[in-house]
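The values are calculated or read from the model by the stated rules, or taken from the named source; none is laboratory data. The shown structure was predicted, so the numbers you read here are calculated from the model rather than taken from an experiment. Here the Cβ is made from the backbone with ideal geometry for all residues, glycine too, and neighbour counts use every protein chain on show.
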Amino acid sequence: MNIAARLVNSTHFQRFIIAVILVNAVILGLLTLDLSPGTRSLLLLIDQACLAIFVAELALKLVVFRRDFFRDGWNIFDFIVVGIAVMPDAGGLGVLRTLRVLRLMRLISVVPSMRRVITGMFLAIPGGASVAAVLAILYYVGAIIGFSFFHQSVPEHFGSIGTTFFTLFKMMTLEGWPDIAGQVMEQHPHAWIFFVAFIILTTFTTLNLLFGIIVDAMQNAKEEDVREQMAEHGIPPDEESPEMRLVMMERDIREIRALLESMALPGQRTAAE
């Protein structure tokens, strides 16, 4: 049991699983090409080997963690993804079988930085929901105004509520909105007031507020991750403590160093060694 626990929690084991996930990603991509029967059979064999490794990993975790396995949301995520992949390719279940590509999503549960991003996104849901509600109200009001003013003169963009909603979405993305505005302003010279006001309220205000909430939530998720690391090392998780600042600085330095090393050319890397 101790050997299995050390294996599951070891860094080398995690790196091995990441490598298998990446190999599996390449295999699934190659299987979409027009290949010879022999090559396809070989790739399918490697794909089954990757799946067997994932099943063995989950079995090890179930043995080590037992009931605690299902207390971790990421373990449940892995269990569902691998469970879909091992479903028999027959009958109605064949449709679910095509979802084996979801195995690539396991990178999110294995790589800590990706987990932090997803955690931050979940933390941003409450604040993001409020912003989304405000955005929906602005859309509804804008759609009613746009349809009332322009549905007769420019029916291709404002002919119905549904068409108007889609037109407003294109305007919010700033994709081709000058063409739409120019076409409307040929018959309604003062229509620029509507377009400018809508874009300012949605794109430049509401969406930027949503992005700010997401960034703040990701920062909070990163700080929580640091606190957990400090707790594992027996350091009091005081937000103002020098230890907290030091751990965050060391983490940032490691990430910057890894980024610089990945950007270095092979010749430069050899010379540095």
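Couple of notes before you dig in:
- If the condition is being small (Gly, Ala, Ser) and surrounded by fewer than 15 Cβ atoms within 10 Å (Cβ to Cβ), then region 117-135 contributes Ala129, Ser130, Ala132, Ala133.
- Once region 30-60 is narrowed to residues that are loosely packed, with under 12 Cβ neighbours inside 10 Å and more than 23 Å from Val8 (Cβ to Cβ), the residue that is nearest to the chain's Cα centre (by Cα) is Thr32.
- Residue ranges of helices (runs of 4 or more DSSP H) in region 1-66 with at least 2 members charged (D, E, K, R) and closer than 20 Å to Leu107 by Cβ: 37-65
Here's the yes/no breakdown for (1) under 14 Å from Ala181 (Cα atoms); (2) at pLDDT below 85:
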position	(1), (2)
Pro126	no, yes
Val131	no, yes
Leu138	no, no
Val141	no, no
Ser148	no, no
Gln152	no, no
Pro155	yes, no
Phe158	yes, no
Phe165	no, no
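- Helices (runs of 4 or more DSSP H) fully within region 107-216 that include at least 1 residues being among the hydroxyl-bearing types (Ser, Thr, Tyr) and touching a residue at least 12 places away in the same chain (Cβ under 8 Å): 112-123, 125-150, 161-172.
- Scan of region 139-159 for residues that are over 21 Å from Met185 (Cβ atoms) and in contact with a Phe, Trp or Tyr (Cβ under 8 Å, 6 or more places away or on another chain), ordered by number: Tyr139
- Annotation: of all residues in region 63-73 being without any contact (Cβ under 8 Å) to a residue 60 or more places away in the chain and surrounded by 15 or more Cβ atoms within 10 Å (Cβ to Cβ), the one that is nearest to Ala85 (Cα to Cα) is Phe69.
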